[in-house]
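Have a look at the structure below, then the notes.
Derivation of every value follows stated rules applied to the coordinates shown; laboratory data play no part. Note that this is a predicted model, so its numbers are computed, not measured. Note that we place each Cβ from the backbone using ideal geometry, even for glycine, and neighbour counts take in every protein chain shown.
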């Protein structure tokens, strides 16, 4: 469509209002439209083969279509192409043909405007021609300063003989604001328009010159290797030119003031390093990334509570009182903790300075849920010191404890320094939780850091890599916890004194539930003692049939579940004011019991014996099963057994064979071939021929659970002897002991936990090695010793005599 076909202006044509883009005559440009009226205007123009006029709104994203909301001069043009986009917008290719003035418009859909053309002015005099030359020369100067200026524009300008066209071309490439662009666009006096363009170009030239001058000043101050500083230094130079100040000096003064206050307490190296970093920070550009990192370092160092200590004196009586208040039983653990602080109190009273910080680090060892961490909490409360807990379980990166060097991105101090900052004291109680679960990887060995931290000779100068100076940890009371001592490296074990906390007996659990768990959970769920009643039998049933654990952690969860049901019941029925829970009600509140005693476990069987095992989560009953099969005399063992346990099974089989050979154990007559029976009574049978006819399969149930250790030796031997002699084993008897090839029973570890496990499983008799009987029973709860018949055994003969029927 050509404009010549539409000479009868003014005429009414569709109106498109753009938000930002200024278009000029003879320009072909894409326009993206989303406004409904604009889209309809395009569709109307295409349908009726009409021109359109494109104007610009005075404010970005202006939705108002009143007359004063857009400029009254725009570009008349032709829609060359239209493309619909997936998001509902359209893209049109617009060809500008001439400027047009909007005389009037109506608010129909689409908008229509009455438009008259603004005619181009040809060169009419020498003044216009001279102005065009000045404009082109100015553009040449600007292009030399601005590398992004279109290189082919000057040639186009020189070849064009239309002054108005020259003005349009230059206006389209200048960096103008909306109102400045419209001022040039709408100027009908060509001479004035060219003068305005020259003024704008000269301003841009001057701006580029100033920028170049600033750039040269900055470049003279920085080295070639610091090119990445370029932009920030420019900003700094501009700020200096404009007189813009910042708070940098005030911050530096504040840092120096804080440092001076801590000088006496933080040590020579720490003071020197911090002062050096503050001086370095004062010389840096505050907008530099390095300045931000350095400022973080300085602020963190000044947050370390140098010289700030809890002034509460150590009092053994306070510690004992708090421990008794927070924990039931655990008498031996409480006694040892009291002794530990008694020594510290005496040293403090007698002001034995050089020994004050020396001492043993306590490590509470026991199954989960028995109160290891809560003992540390009680110590913290008794001493009125803040508590810091550092979880070491699964930690494999040495930098988590020692910190990262500041050269690394995202560097931060280690957890020990963070703990001091969080505690806001230099002498908190610091709990090193699950120290037995520290790992080792290519990122270092955290155990090596612990060796330094827990050594009184070294921890007064612990060096965190992030801080880069030594820090005193000697006043920190370290308390560690572990489940299994065997997983702690020997050098680290040597720095700690272990206080074993064994599994709770059912009676202890009952008192803990009655005096601690139930009141705490009632309060947690918004209930009072007058609203819920639970008798002793109900609590004991919950302990025996709904939990099976060494501690009381799961027991707490069961009571939590129970009280949630009670809360719902009270809220659902307004008539319910008190809920009494008996044994019969437990199925309603807690579903069916999880741990029922199987009657079959109390029956006597051939080849099934009860062993006792110790694990990091407490003691347990270890069932061992044996059967005989026709074969070649082999021994097969299954049940995820370790190497030591497999060797124990071989020893057990050999010992049983020896007993039969020596006639100490009478073999089942059904296994003896007929030819053997026909021999004279006093003739010694060749038993080896019998063994070759049968295989023994030994299995330890719970096959998915790895098992190892030598203490199941007598249990395996008993199961094999039972099978070969066809004699049943007493179901209410359990045992533990290592077996030698000569048939002797050697002592084992973990006796206390094993006997508690037998007690919980309602065994009546337990066989243990004599040495354990003589030296280890003092540590077993009296309740367990009263309920069990504990028998000492010396040899496998003693075991068979006690256990076989």
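Per residue, the convex hull spanned by the Cα atoms of the stretch 43-105 measures out at 107 cubic angstrom.
The fewest-to-most ranking of 407, 505 by surrounding Cβ atoms within 10 Å reads 407, 505.
Just rank 615, 156, 715, fewest to most, by other beta-carbon atoms within 10 angstrom. Numbers along the way, then the final one.
On the way: 615 18, 156 12, 715 28.
Lowest count first: 156, 615, 715.
From the helices alone, meaning DSSP H stretches of at least four residues, give me the mean residue ellipticity at 222 nm for the chain, per-run term -39500 (n - 2.57), in deg cm²/dmol to the nearest 500. Kindly include the intermediate steps, with their values, before the conclusion.
Numbers: 31 runs with 343 residues, N = 805.
It lands at -13000 deg cm²/dmol.
Take the Cβ-Cβ distance between residue 261 and residue 217 as r, set R0 to 35 Å, and report the resulting FRET efficiency rounded to the nearest 0.05. With R0 = 35 Å, the Cβ-Cβ based efficiency is 0.30.
Take the alpha carbon gyration tensor of the stretch 599-803, find the square roots of its eigenvalues, order them as a ≥ b ≥ c, and report rounded if a/c is under 1.5; if not, report prolate when a/b exceeds b/c, else oblate. Prolate, since a/c reaches 1.5 and a/b exceeds b/c.
For an R0 of 56 angstrom, estimate the FRET efficiency from the Cβ-Cβ distance between residue 397 and residue 126 and round to the nearest 0.05.
Once rounded, the FRET efficiency stands at 0.10.
When the P(r) is computed for the stretch 248-303, the part past 16 Å accounts for 34% of the Cα-Cα pairs. Using only the alpha-carbon atoms, how far is helix 126-145 inclined from the longest principal axis of the chain? Give it as 0 to 90 degrees, nearest 10. The two axes meet at around 20 degrees.
To make sure I understand, if each residue's beta carbon is the centre and we count other beta carbons within 10 Å, what order do 199, 180, 753 fall in, fewest to most?
Values: 199 10, 180 14, 753 24.
Lowest to highest Cβ neighbour count: 199, 180, 753.
For the stretch 316-500, what value does the Rg/Rh ratio take when both radii are computed over Cα atoms and Rh is the Kirkwood radius, given to two decimals? Please list the in-between numbers first.
Details: Rg = 16.3 Å, Rh = 17.0 Å.
Rg/Rh: 0.96.
Rounded if a/c is under 1.5, else prolate if a/b beats b/c, else oblate: with a ≥ b ≥ c from the C-alpha gyration tensor eigenvalues square-rooted, which is the stretch 3-118? Please report the intermediate quantities before stating the final value.
Values: a/c = 1.42, a/b = 1.13, b/c = 1.25.
Note, shape of the stretch 3-118 comes out rounded.
Relative to the current alpha-carbon distance between residue 485 and residue 107, full extension at 0.36 nm per residue lengthens the span by 127.4 nm.
Taken along the Cα-to-beta-carbon direction at a fixed 7 Å, the label points for residue 254 and residue 587 span 6.9 nm. At a Förster radius of 30 Å, what calculated FRET efficiency corresponds to the Cβ-Cβ distance of residue 136 and residue 49, to the nearest 0.05? The computed FRET efficiency comes out at 0.20.
The stretch 758-805 and the stretch 447-474 have Cα centres spaced 47 Å apart.
Write down the Å³ per residue value for the convex hull defined by the alpha carbon atoms of the chain. Could you put the intermediate results ahead of the total?
Values: hull volume 264.4 nm³, N = 805.
Hull volume normalised by residue count: 328 Å³.
Over the Cα atoms of the stretch 509-590, the radius of gyration divided by the Kirkwood radius equals 0.94; this is the Rg/Rh ratio. Between residue 647 and residue 159, the contour length at 0.36 nm per residue exceeds the alpha carbon distance by 165.5 nm.
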